[in-house]
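Here the structure comes first, spelled out in structure tokens, and everything after it is commentary.
The values are calculated or read from the model by the stated rules, or taken from the named source; none is laboratory data. Keep in mind it's a predicted model, so treat the numbers as computed, not measured. Here Cβ is always computed from backbone atoms with ideal geometry, including for glycine, and neighbour counts include all displayed protein chains.
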Amino acid sequence: MSAIRRVLMSVTDKTGLLDFARGLAAQGAELISTGGTARMLREGGLSVKDVSEVTGFPEMLDGRVKTIHPRVAGGILARRDHPEHMAALAEHGIPAIDMVVVNLYDFARVAAKKDAPLEELIENIDIGGPTMIRAAAKNWQDVAVVTDAADYPALLAELASSAGALSRDTLWRLAKKAFALTARYDAAITARLASIECADGVFSEVEAALPSVLALAVPRKQELRYGENPHQAAALYASGSTGVANGAQLHGKELSYNNLVDLDAAWQLVCEFDGPAAAIIKHTNPCGCAEQNSLVEAYLKAYEADTISAFGGVLAFNREVDEATAAEVSKLFVEAIAAPSFSPSASALLTQKKNLRLVQVSGAAADPFVVKSISGGFLAQSPDIRKTTRETCSVKTSRQPTEEEWRALEFGWKVVKHVKSNAIVYARAGQLISAGAGQMSRLDSARFGAAKAILPLKGCVAASDAFFPFPDGLETCAAQGATAVIQPGGSVKDEEVIAAANRLGVAMVFTGVRHFRH
């Protein structure tokens, strides 16, 4: 492209803009701008032409119409190598625009507010910004489209070293980035408005609404060394600002695909608990989990459930990791740890292990929907976040659970949701004893969980992620020492299962909620 002589600037996020504009002006570029952007540039001592001087038309409709005009669009879209385009600009006195610096109304910030009025959402949908961005990106050979303040310094450096011009490589990169931005922007609008219904002229929020069009425009955060296996390519894409995908790696080797999957499983599990909790994960299944009075107690209880599988595992904590917890964790080889924070003394201990990955994670809120790819398409569902309490459960046996059993059942029910189906969990109050995960029959899961147990099972409880189709699964749990069982219910043989529980003296609770995990 030729040297940049005319720049149109209109931004919401003004970070770094003044220095960028000064650098452009110093290289001889004319600045055109709108509203608050123009005001800031003038206050910074720069000469700026209002866009209304270019269009010959004032801003109107409370700022809704500023840059939507043929004299702006023409100056951006005209191909410099098409004589008829340039003749049209000359005929109508339209100045060619060589660079467009635009970012958009912060719709995502407003959309994140659950109580945001529809009118506020609508007014924060940018119209002129995406129009200019797409126009400039379409004419990428002749117009630089700048949508990210992080690019300002590098662009100034390239302009200074290239007589005020940018390379085709840079222009193409900027154009792709611009189209990705507008795609994400439209996807955010689509997703948020999908949760609002209008019936008989009355608007209402719809819980966990699934969009009619699934717009997955999520930016790539980083490339990964490989996927689940070395021959598979992989990358991390991050939306929003919370969760494992947006966590900050504080120390250690580069995170792998499998690390991230396991960290997410561990983080989601510990976020189930209000008290100090720890989880140890292997291949997305918990081999240890506990909720205790202190974090170090929680870790030790989680670890003692399966000291063999814990080796090389991934850990998560729902509290700041303190020195006492770090000292115990340091005795074990683990791949990665996720936590809200690490105390200075804990960090000093853990960072002595140069390969141990420490990830600071915030936010326990579930995504609005869960997406899974299948051949030829995607499946989407609302997240499995339904809460179960004693009040929502029903005791089906003649014997009621004791208070100690209730606490163990509540704990086990939170854990079993995070175990691959078919899942049977053996637990005590605040401690996972063993998990039977991923078996093709529920009976095998009950047997496998018991066979893996290191700690005594006598007096524990059992949790099942789905109903017992026959009494044999419950009978197996009871034979291993379980005195109470929690399950969804719903089998055609529920009465036989209840009769077996009564015969064995086992207290049994139905939740009415299934927790399959595939």
Next on the checklist: Just to be sure I understand the filter: pairs with C-beta atoms under 7 Å, separated by 6 or more residues or on different chains, first member in region 288-302 and closer than 15 Å to residue 323 by Cβ, second member of a type in the set (Phe, Trp, Tyr) and assigned to a strand (DSSP E or B). Which pairs pass?
Outcome noted: 295/317
Next on the checklist: in contact with a Leu (Cβ under 7 Å, 6 or more places away or on another chain) and among the charged types (D, E, K, R): is that true of residue 297 in this structure?
Outcome noted: no
Next on the checklist: Show me the strands (runs of 3 or more DSSP E) found entirely inside region 210-302 where at least 1 residues are under 25 Å from residue 332 (Cα atoms), touching an Asp or Glu at 6+ places or on another chain (Cβ under 9 Å) and modelled with pLDDT of 95 or more.
Outcome noted: 277-282, 285-291
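Residue-by-condition table, conditions (1) over 17 Å from residue 264 (Cβ atoms); (2) aromatic (Phe, Trp, Tyr); (3) outside the structural domain of residue 484 (by TED's automatic domain parsing):
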| site | (1), (2), (3) |
| --- | --- |
| 370 | no, no, yes |
| 396 | yes, no, no |
| 408 | yes, no, no |
| 415 | no, no, no |
| 419 | no, no, no |
| 444 | yes, no, no |
Item to check | Of all residues making up region 304-318, the number that are more than 16 Å from residue 426 (Cα to Cα) and crowded, with 18+ Cβ neighbours inside 10 Å | outcome: 8
Checklist entry - Pick from 176, 114: which is in a loop (DSSP other than H, G, I, E, B) and either hydroxyl-bearing (Ser, Thr, Tyr) or under 30 Å from the mean Cα position of the chain (by Cα) (or both)? => result 114
Item to check | Residues being among the aromatic types (Phe, Trp, Tyr) and surrounded by fewer than 24 Cβ atoms within 10 Å (Cβ to Cβ) - total across region 263-302 | outcome: 1
Next on the checklist: For region 369-428, which positions are among the aliphatic types (A, V, I, L, M) and modelled with pLDDT of 95 or more?
Outcome noted: 395, 408, 409, 415, 416, 419, 423, 424, 425, 427
Item to check | Count of residues meeting criterion [out of contact with any Ser or Thr (no Cβ under 8 Å at 6 or more places or on another chain) and either surrounded by fewer than 24 Cβ atoms within 10 Å (Cβ to Cβ) or at positive phi (or both)] in region 471-514 | outcome: 21
Item to check | Pick from region 329-374, criterion among the β-branched types (Val, Ile, Thr) and not in a helix (DSSP H, G or I), ranking: farthest from residue 279 (Cα to Cα) | outcome: 374
Checklist outcome for this item: For region 305-328, the count of residues that are touching a Leu at 6+ places or on another chain (Cβ under 7 Å), part of a helix (DSSP H, G or I) and not polar (S, T, N, Q) equals 4
